[in-house]
Amino acid sequence: MYIPDDFAENSLDVLHSLIAEHPFGVLFTHRSNGLDANHLPFELQASEGNLGVLHAHVSRNNSVWQDIKSGDEVIVVFQAGDAYISPNWYPSKHEQHRQVPTWNYRVVHAYGKVTIRDDERYIRGVVARLTRTHEASQPEPWK
């Protein structure tokens with residue numbers, strides 16, 4: 001969808017906040033048999049790299065980690081709330097009749113290059129951090 005400049009968000013802090021609040025992203029890759037999408041929980045390390053670094057874990061049964069290579073370009077999409085906006089809601093519509101329907105949404109498209117890490121210590125660390133983050137709201141967090 002076209003984003004007018006007035007509605008584009010360029011603040012890294014705001015973009016990072018959306019990712020932190022909605023960490024279940026969609027990893028889009030181009031594999032040997034075409035495009036693929038995997039829904040995964042991500043961890044954002046905002047202090048790594050220039051824009052931050054995303055970390056995730058995929059099951060060994062998910063062939064995506066074997067079918068893409070370190071250095072391949074990927075996109076991860078994080079989406080917050082969205083809603084249809086009717087032109088009937090604009091008071092000026094009744095006077096000018098120039099408004100059109102639109103859609104309000106908050107989304108981050110994170111572009112980058114993937115790094116495949118197949119070492120147990122790293123994987124355990126990512127899984128442990130993701131688990132701690134998402135179990136934190138539980139009365140008795142799983143360990």
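Hey, does the stretch 96-113 have a residue that's of a type in the set (F, W, Y), in a helix (DSSP H, G or I) and either exposed (fewer than 10 other Cβ atoms within 10 Å of the Cβ) or modelled with pLDDT under 95 (or both)? Steps first, answer last, please.
In the first step, residues of the stretch 96-113 are kept if they are of a type in the set (F, W, Y); the result is 103, 105, 111.
Filter once more, so that each one left must be in a helix (DSSP H, G or I): none.
No, because not a single residue in the stretch 96-113 is of a type in the set (F, W, Y), in a helix (DSSP H, G or I) and either exposed (fewer than 10 other Cβ atoms within 10 Å of the Cβ) or modelled with pLDDT under 95 (or both).
Suppose we keep only residues that are of a type in the set (D, E, K, R) and at pLDDT below 90 within the stretch 81-95. Which one would you say is surrounded by the fewest Cβ atoms within 10 Å (Cβ to Cβ)?
We begin by selecting, within the stretch 81-95, every residue of a type in the set (D, E, K, R); these are 82, 93, 95.
Those still in the list that are at pLDDT below 90 too: 93, 95.
Working: K93: 14, E95: 8.
The selected residue is E95.
State which residue pairs qualify: first residue within 13 Å of V53 (Cα to Cα) and inside the stretch 96-114, second residue part of a loop (DSSP other than H, G, I, E, B) and charged (D, E, K, R) in any location, beta carbons under 7 Å apart, and separation of 6 or more residues or different chains.
K113/D72; V114/D72
Out of all the residues in the stretch 31-44, which are surrounded by 13 or more Cβ atoms within 10 Å (Cβ to Cβ) and either modelled with pLDDT of 95 or more or of a type in the set (G, A, S) (or both)?
Step one: filter the stretch 31-44 for residues surrounded by 13 or more Cβ atoms within 10 Å (Cβ to Cβ), giving 31, 36, 38, 40-44.
Answer for the stretch 31-44, where residues must be surrounded by 13 or more Cβ atoms within 10 Å (Cβ to Cβ) and either modelled with pLDDT of 95 or more or of a type in the set (G, A, S) (or both): D36, N38, L40, P41, F42, E43, L44.
I need the full set of residues from the stretch 11-29 which are under 14 Å from Y111 (Cβ atoms) and either among the hydroxyl-bearing types (S, T, Y) or modelled with pLDDT under 95 (or both), in order please.
T29
Looking at the stretch 20-64, which of its residues are part of a strand (DSSP E or B) and not hydrophobic (A, V, I, L, M, F, W, C)? Spell out the reasoning first.
Taking the stretch 20-64 first, the residues part of a strand (DSSP E or B) are 24-31, 34-45, 53-56.
The answer is G25, T29, H30, R31, G34, D36, N38, H39, P41, E43, Q45, H55.
List the number of the failed condition for F78; all other conditions in (1) outside any strand (DSSP E or B); (2) in contact with a Leu (Cβ under 9 Å, 6 or more places away or on another chain); (3) not polar (S, T, N, Q) hold.
(1)
Exactly one condition in (1) of a type outside the set (V, I, T); (2) surrounded by 10 or more Cβ atoms within 10 Å (Cβ to Cβ); (3) within 28 Å of S11 (Cα to Cα); (4) over 17 Å from the mean Cα position of the chain (by Cα) is not met by G125; state its number.
(3)
Output the residues belonging to the stretch 115-142 that are under 30 Å from S70 (Cα atoms), of a type outside the set (D, E) and free of Cβ contacts under 8 Å to residues at least 40 places away in the same chain.
Answer for the stretch 115-142, where residues must be under 30 Å from S70 (Cα atoms), of a type outside the set (D, E) and free of Cβ contacts under 8 Å to residues at least 40 places away in the same chain: R117, R121, Y122, R124, G125, A128, T131, R132.
The values are calculated or read from the model by the stated rules, or taken from the named source; none is laboratory data. Being a predicted model, the structure only gives us computed values, none of them experimental. We place every Cβ from the backbone using ideal geometry, glycine too, and count neighbours over all the protein chains shown.
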